[in-house]
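A quick write-up on the structure given underneath.
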Amino acid sequence: MSSIKGAFIFPHPPIIVAAVGKGHERVAQATINAAQEAARRIAELKPETILIITPHGNMLSDALTISGDPILYGSFASFGAHQIKLKIDNDLELVEEILNRIEHSDIIAVSLDKEMRKTYQFADEMDHGALVPLYFIQEQYQSFKLVHINYSMLPHQDHYRFGMIIRQAIEKLNRNTVIICSGDLSHRLTKDAPAGYNPKGKEFDEQYVEAIKQSDVNRLLNMDCDLTEGAGECGLRSTVITYGILDGCSPKGEILSYEGPFGVGYCVAQLHLDCNHDIGENSEILEKYIHEKKRKLEEIRKNEDPYVALARLTLETYIKENKRLSMPNKLPQEMLQDRAGVFVSLKKHGELRGCIGTISPTSDSIAQEIVQNAISAGTGDPRFYPVEKNELEELQYSVDVLMKPEAIEGVEQLDVKKYGVIVRSGYKSGLLLPNLEGVDTIEEQLSIVLQKAGILKGENYQLERFEVIRHK
């Protein structure tokens, strides 16, 4: 019999805690009732350990983190409720077992103790993503230790495999454990939502809730990045880890409540388990997901045009052979004769992996512009480590050829899908391409490009717009 006794999905809005909401929490009464019911069910399971996965703790982009302090604590002081404090013993034995198993994998996970938090200037207290579910649980049950995990920006397959390793550690120690998946859904359901409105918010929430009902893990893993970015969600990666923990447990989802009273989607659910199966090293779900991703990328590469093919071959040659690509024969004449600014973008598992470009031409041809910017996107983008050889087969490329920019009088002449934007103020300037995932309004576009340029909103600046020909 498995040591995993239950798994629950919790939202984490501090406002549903009465001392924080001060009456406003009643707008989300369905969520409160469901959270209390979930807590009651957890109390009945009497877990020795609760393992919580949260989006709002101390996050590293390239590594999963596990809290490593003997005592885990936090309060609602930053939300105006100083009197509510939580203090829970860490299950250090389980933490150590997870980390030991991680060392024998190619996944990166680290234990965050006091010294490491000091190095990264991280907070000492637990985040509200953990505190809100734990508040409801501790109202009804206190006899447990805690493991506190924060997800990363690593791809879904790494989060899922991390979950599988957690399961192995739990079973090895025979630790009666309940899993808490903390996460809100879309933050963009209404015009007065915290992150503004996006129609993709409702679409994401509907797909997520239906996937939980149907136990459709593949649907969750394969959600389009454009949809998740547009929705502004924070719960999907927590969910992926959770289903990794439950791999082989045939989880059946029961939605206890779903609502979006403040423009944010709140889902409370229980995943009913049948874990009476041997734990395998491999996962049919994960293997199917990885195979399908490879198939899609192979299909994209079979159909890539000369612009994208040149960018890909350039970077592959530079990384593998440490030399610049000799210009291929039979390129279209416009690539060899025309001049233009060019941006080369790289994505890995749907996430940006590098993007470098030129506003105006700096080379004798578009082809040469692609060559120099492909190398720079892969090795010189200061936001990322240089691309490594083992990543090349996972990269997806796009090439934007810029039309000549034109000055405009104001934002009313912008169109976030059609036009890119350039802002200039003295020596400062910034550029943002059009039709980017997760950028759906002129306000968002302008905010991002001003931030890139280091220009404050109150400063005087000039606006230019431009169109692009996008090759994918």
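Numbers below:
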quantity	calculated
Highest-first arrangement of 150-156, 224-230, 93-99, 319-325, where packing means the average Cβ count within 10 Å	150-156, 93-99, 224-230, 319-325
Gain upon complete extension [K22, Q36; 0.36 nm per residue less C-alpha separation]	3.3 nm
Using alpha-carbon coordinates, inclination of helix 284-302 to the longest axis of the chain, degrees	10
Set K114/K145; K294/K417; K428/K472; K200/K302; K330/K389 screened for pairs whose C-alpha atoms are more than 21 Å apart	K294/K417; K428/K472; K200/K302; K330/K389
Degrees between helix 156-173 axis and first principal axis of the chain (Cα, 0 to 90, nearest 10)	20
Spatial separation of Cα centroids for segment 325-383 and segment 218-275, in angstrom	38
Segment D106-E321, extension gain: residue separation times 0.36 nm, minus the distance between their alpha carbons	74.9 nm
Angle in degrees between helix 366-379 and the longest Cα principal axis of the chain, rounded to the nearest 10	30
Full-extension gain in nm, I285 to S215, via 0.36 nm per residue minus C-alpha separation	24.0 nm
Cα shape, segment 4-291, gyration tensor, a/c 1.5 rule	rounded
For peptides 232-241, 170-179, sequence by mean Cβ density within 10 Å, most packed first	232-241, 170-179
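Only the coordinates and a few stated rules stand behind these numbers; no lab work does. Since the structure is predicted, the reported quantities are computational estimates derived from the model, not experimental observations. When we count neighbours, we look across all protein chains shown, and the Cβ atoms used for this are built from the backbone with ideal geometry, even at glycine.
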